[in-house]
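Take a look at the structure set out below.
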Amino acid sequence: MTFAELGVPKNIIKGLKEMGITIPTKIQEQTLPVLLQNETDFIGKAQTGTGKTAAFGIPLLAQIDPRKTHTQALILAPTRELGQQIAKQLFKFTKYTDKIFTESVYGGEKIEKQISRLNRPTHIIVATPGRLIDLIERNVVDISKIKTIVMDEADEMLSMGFKKDLTTILSKTKGQRNVWLFSATIPSSLDEIINRYVDSRAIKVTIDRSDTVNKGIEHQFVVGDEVNKLDTLTYFLKTQNEGRGIIFTRTKVAARTLSKQLRAKNYDVGLLEGEMTQKERDKVMRAFRKKTVQLLVSTDVAARGIDVENLSFVIHYQLPDQTEYYTHRSGRTARAGKTGLSLALIQKSELKIIRDLEKQLGIRFNQVR
């Protein structure tokens with residue numbers, strides 16, 4: 001299917017094409033016709049990295065009336081990075097449409113700065129739940145007239161402790177509005193929110209795990225001893241020239257240790273781990289985006305919501321402990337129709353995990369010697 005066949009307006013297709021997005025993903029194929037043609041509540045279950053932003057962003061943009069200056073839609077996201085990324089994508093989608101104004105608000109930035117930006121016409125607000133409530137309580141944001149509320153990475157918002165905030169926000173938007181909920185998993189804690197705030201006739205779309213792994217990724221693994229792992233990694237990095245990538249560890253201790261070891265070998269490395277302040281994270285991500293840092297060493301939790309284009313590879317220095325995390329990690333490369341490499345450095349005892357990933361995700365790993 002093409003975007004035109006799915007009912008996407010021509011001026012948005014033009015913006016997508018410029019971003020290198022020409023072939024719809026599975027979630028986009030199944031979501032776009034439904035949300036472009038119906039006023040409905042919606043539940044979409046799909047992993048991170050499957051193209052969810054365009055799946056909800058395009059129909060959202062299509063229903064905005066640029067002549068009206070009030071806030072017409074709200075998107076909730078678990079992290080500042082994901083919120084910024086969504087706002088940036090929406091801006092790019094609308095390059096050739098009438099001016100639609102999107103504002104991203106989140107904790108970790110002076111609230112006064114955000115208040116002054118929100119004084120301008122704002123059609124769509126992308127927000128982390130806590131900061132949105134702060135703004136509502138100060139009477140800066142009025143969400144009473146919104147037509148659509150999108151919850152992206154809903155399971156992640158709950159696991160980060162935003163349940164009370166979400167119910168507060170949803171209870172302020174009752175009436176003639178639609179709820180679009182996107183989540184990688186639907187835990188029982190999310191069922192409670194769905195039963196209370198989402199119409200029982202909501203349309204549901206589920207993308208199977210085997211459909212979620214980007215087809216442009218080549219999956220490889222190297223078997224070796226733990227003591228030789230760093231040498232194997234540096235040997236691989238030497239073959240990459242200017243290529244940039246993310247190296248994943250399972251724990252923050254391993255991430256810190258590895259980043260120190262790589263710096264000692266004169267690699268330009270940024271570190272991302274859960275205990276860093278927002279200011280430290282921003283500094284690392286700025287350096288990585290500007291390419292003053294070639295490599296990122298990151299834990300799974302710290303990498304949530306980061307989006308960097310043109311990554312050549314992802315390395316699993318330690319295999320993740322959840323299948324979903326493998327999808328999240330490897331999905332950082334081969335974006336927008338490009339190809340990429342996902343390389344796992346494993347010990348012999350971990351071969352079984354590789355075979356399990358092949359089975360569960362419907363992918364094929366090649367062993368590199």
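Every read-out reported here was derived from the displayed coordinates using simple, explicitly stated rules and does not represent laboratory data. Fair warning: this is a prediction, and the values are worked out from it, not measured in the lab. Backbone-built Cβ (ideal geometry, glycine too); neighbour counts: all protein chains shown.
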> Hey, what does the equivalent ellipsoid look like for the chain, semi-axes from the Cα gyration tensor as sqrt of 5 times each eigenvalue, largest first, whole Å?
Replying inline: 36, 22, 20
>> Tell me the angle of helix 252-264 to the major Cα principal axis of the chain, expressed in degrees between 0 and 90 and rounded to the nearest ten.
In response: 60 degrees
> Which FRET efficiency value, to the nearest 0.05, do you get for Asn139 and Arg369 by plugging their Cβ-Cβ distance into 1/(1 + (r/R0)^6) with R0 = 56 Å?
Replying inline: 0.30
> Which aspartates and glutamates does Lys113 reach when only Cα atoms under 13 Å apart count, and residues fewer than 8 places away in its own chain are ignored?
Replying inline: Glu103
>> I want to verify a result. In a Gaussian network model of the chain, Cα cutoff 10 Å, which of these has the top mean-square fluctuation: Ala254, Ala54, Ala77?
In response: Ala254
> Applying the Karplus parametrisation 6.51 cos²θ - 1.76 cosθ + 1.60 with θ = phi - 60° to the phi angles of segment 348-356, what ³J(HN,Hα) value in whole Hz is obtained for each residue in order, glycine and proline being reported as x?
Replying inline: 3, 5, 9, 4, 4, 5, 4, 5, 5
> Reachable aspartates and glutamates from Lys279, Cα under 14 Å, same-chain residues fewer than 8 places away excluded?
Replying inline: Glu81, Glu109
> Using a cut-off of 14 Å between alpha-carbon atoms, which aspartates and glutamates can reach Lys10, once sequence neighbours fewer than 8 places away in the same chain are excluded?
Replying inline: Glu18, Asp98
> Lys163 versus Thr292, label points 7 Å from Cα toward the beta carbon: distance in nm?
Replying inline: 4.3 nm
> Given a Förster distance of 45 angstrom, what is the FRET efficiency for Lys92 paired with Thr251, based on the Cβ-Cβ distance and rounded to 0.05?
Replying inline: 0.80
>> Please compute the modelled spin-label separation between Thr234 and Ala264, points set 7 Å along Cα→Cβ, answer in nm with one decimal.
In response: 0.9 nm
> For the Cα atoms of the chain, what angle does the longest principal axis make with the long axis of helix 52-63, in degrees from 0 to 90, nearest 10?
Replying inline: 20 degrees
>> List the residues, sorted by chain then number, that are 5 or more residues from Ile247 or on another chain and whose placed amide H is less than 5 Å from its amide H.
In response: Leu296, Val297, Ser298, Ile315
>> How large is the direction-averaged shadow of the alpha-carbon convex hull of segment 1-47, in nm²?
In response: 3.6 nm²
> Could you give me the ³J(HN,Hα) list for segment 129-144, computed from phi with Karplus coefficients 6.51, -1.76, 1.60 and θ = phi - 60°, whole Hz, x at Gly and Pro?
Replying inline: x, x, 5, 4, 4, 3, 5, 5, 5, 8, 6, 8, 10, 10, 9, 6
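Stretched out fully, how many nm does the piece from Ser312 to Ile115 gain, at 0.36 nm a residue minus the Cα gap?
Stretched fully, the Ser312-Ile115 segment lengthens by 67.1 nm.
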>> Please list, in order along segment 165-172, the HN-Hα scalar couplings obtained from phi with the Karplus expression 6.51 cos²θ - 1.76 cosθ + 1.60 (θ = phi - 60°), rounded to whole Hz, x for Gly and Pro.
In response: 4, 4, 5, 4, 5, 4, 5, 8
> So what's the angle, to the nearest 10 degrees on a 0 to 90 scale, between helix 229-238 and the longest Cα principal axis of the chain?
Replying inline: 70 degrees
> Do any of Lys52/Lys172; Lys26/Lys99; Lys45/Lys147; Lys99/Lys252; Lys14/Lys68; Lys45/Lys290 go past 31 Å between their Cα atoms, and which?
Replying inline: Lys99/Lys252; Lys45/Lys290
> How long are the semi-axes of the ellipsoid equivalent to segment 10-208, from square roots of 5 times the Cα gyration tensor eigenvalues, in whole Å, largest first?
Replying inline: 23, 22, 16
> Taking the alpha-carbon centroid of each part, what is the distance from segment 49-67 to segment 222-274 in angstrom?
Replying inline: 37 Å
> Which length gain, in nm to one decimal place, applies between Gln37 and Thr22 when the Cα-Cα distance is subtracted from 0.36 nm times their residue separation?
Replying inline: 3.3 nm
> Residues with amide H under 5 Å of Val105's amide H, sequence separation 5 or more or different chain, H placed in the peptide plane at 1.01 Å from N; which?
Replying inline: Val126, Ala127, Thr128
> In terms of modelled amide H atoms, which long-range or inter-chain residues lie less than 5 Å from the amide H of Asn178?
Replying inline: Thr148, Ile149
>> What number does segment 213-367 give for Rg over Rh if you use C-alpha atoms and the Kirkwood radius?
In response: 0.93
